[in-house]
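Contents: one structure, followed by commentary.
Please treat every number below as a calculation from the coordinates, not as lab data. Computed from a predicted structure; not experimentally measured. Cβ placement follows ideal geometry from the backbone for every residue including glycine, while neighbour counts extend to all protein chains displayed.
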Protein chains: 2
Amino acid sequence: MANRKAVLSTSNVRREAVVLSAMTVFAANGYLGTPVTDVAKRAKISTAYVFKLFPSKQELFVAALERCFEVILAALAKGAEESADQAPEPILFAMGGAYAALIADRKLLLLQIHAQSAAGVPEIAKAFRRGLASVVNFVKVRSNASDESVQRFIAYGQLCHLITTTGLDADTSSWASILTTGVRHV
Amino acid sequence: MANRKAVLSTSNVRREAVVLSAMTVFAANGYLGTPVTDVAKRAKISTAYVFKLFPSKQELFVAALERCFEVILAALAKGAEESADQAPEPILFAMGGAYAALIADRKLLLLQIHAQSAAGVPEIAKAFRRGLASVVNFVKVRSNASDESVQRFIAYGQLCHLITTTGLDADTSSWASILTTGVRHV
DNA sequence: CGGGTGCGTGATTGATTACTCACTGTCAAG
DNA sequence: CTTGACAGTGAGTAATCAATCACGCACCCG
């Protein structure tokens, strides 16, 4: 059009950009709270083309959620790798630190929260379960910790989500401190 | 006009019915996923009148959320009362059982999940924090348990939410069992 | 009786939004 | 150069929904 050298991209490159935009925007406003137009704007393409790349908003959200869990798994793997000690509990501790560092920007965490809330949509619920399963399995296998320890790992991870979504980390009142003390969430 | 009756006036009766309907319907479909019309239908009144009783959808949701936490507090109090032993840990255990029993129908739990997801709306975030604060404070004061124990109580409560929203209690796969074993969620 | 006060509603409105369609522009192979 | 496949879009459409408005109806006090 106006641009003489309008280089066409491959659809896969665009798809990637759209998924990344979707992660950010859905994380900020949730599934129902985010118009596809917002995703398109952030990816700097037209809304119509987003629908060419992803047949529906739902499938776009699922793609973003799946990517979210991929990133989390990678971070856990990296954290485990960097653990000095290879005993179960130290590995779990290292993974916890890696996760805490990862969710510093709130994006991956909020996407999970919104996915949970949107679990009324069967495809979203399934994707969330798949992601959770992969995390639990990975943590269990990689750390070789007891079931109880893995359960505790996830439980305190959920507590970390609660702390972050409600902004308790910036709260110094006594009740907030009860929840936040000792929990690494940067 | 000075005083009609010592008992609730008609509009307050309606307001009460609307709040109860709102709890159920918002729990089922979330804040953005629920039209006010659905609340009205369930309360068997017109949509217009719902807006006379509550000035906006947002305030209606907040009212439902506040009621949710009131019910939870009452259940925790009752659970603590029924504890045979008055030492901190037994009281916590009794409260956990009471909470698990309470959320058997998923309504109060789902409302919390949806509130967390809708915390982008400042008034909803504030209400959620108030509710959480009241729970934490009550648990701490009533049980007289250590901060660490209270923190663990909440963390495993959040795990319980995760289990229920994803339907893990009906899942017998090994990864699901890691999360569910020993968690009371009926 | 008359009239005021508060309960209650059907119809509407204006904004938003998921998704579609008809279309233009690009590029590489033959 | 032509062709055809693919990248990309502006302009819709049909549906949904928060919120309002104009209006009745029941009851009660004087």
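Hydrophobic long helices, here whole DSSP H runs in chain B with Kyte-Doolittle means of at least 0.0 and Cα atoms spread over 24 Å or more along the helix axis, are found at B:10-29, B:57-81, B:122-143, B:147-165. Would you mind checking the pairs A:57/B:44; A:44/A:107; A:52/A:126 and listing those with alpha carbons more than 22 angstrom apart? Flagged as over cut-off: A:57/B:44; A:52/A:126. Springs between Cα atoms under 10 Å define the GNM used for chain B, and in it the highest mean-square fluctuation of B:57, B:44, B:140 occurs at B:44.
The Rg/Rh ratio of segment B:10-180, with Rg taken over Cα atoms and Rh as the Kirkwood radius over Cα pairs, comes to 1.01.
Summing charges over neighbours of residue A:177, with a neighbour being any other residue whose Cβ is under 10 Å away from its Cβ, gives -2 when K and R count +1 and D and E count -1. Of A:87, A:115, A:22, which has the largest mean-square fluctuation in a 10 Å C-alpha GNM of chain A? Judging by the Gaussian network model, the answer is A:87.
Largest GNM mean-square fluctuation across A:83, A:174, A:146, computed for chain A with C-alpha springs under 10 Å, falls on A:174.
Tell me, what is the percent relative contact order of chain B, built from C-alpha pairs under 8 Å that lie six or more residues apart? Display every interim value, and only then the final one.
Numbers: 180 pairs, mean separation 39.8, N = 186.
Worked out over chain B, it gives 21 percent.
Each Lys or Arg adds one and each Asp or Glu takes one away; over the other residues whose Cβ falls under 13 Å from the Cβ of residue B:64, this sums to -1.
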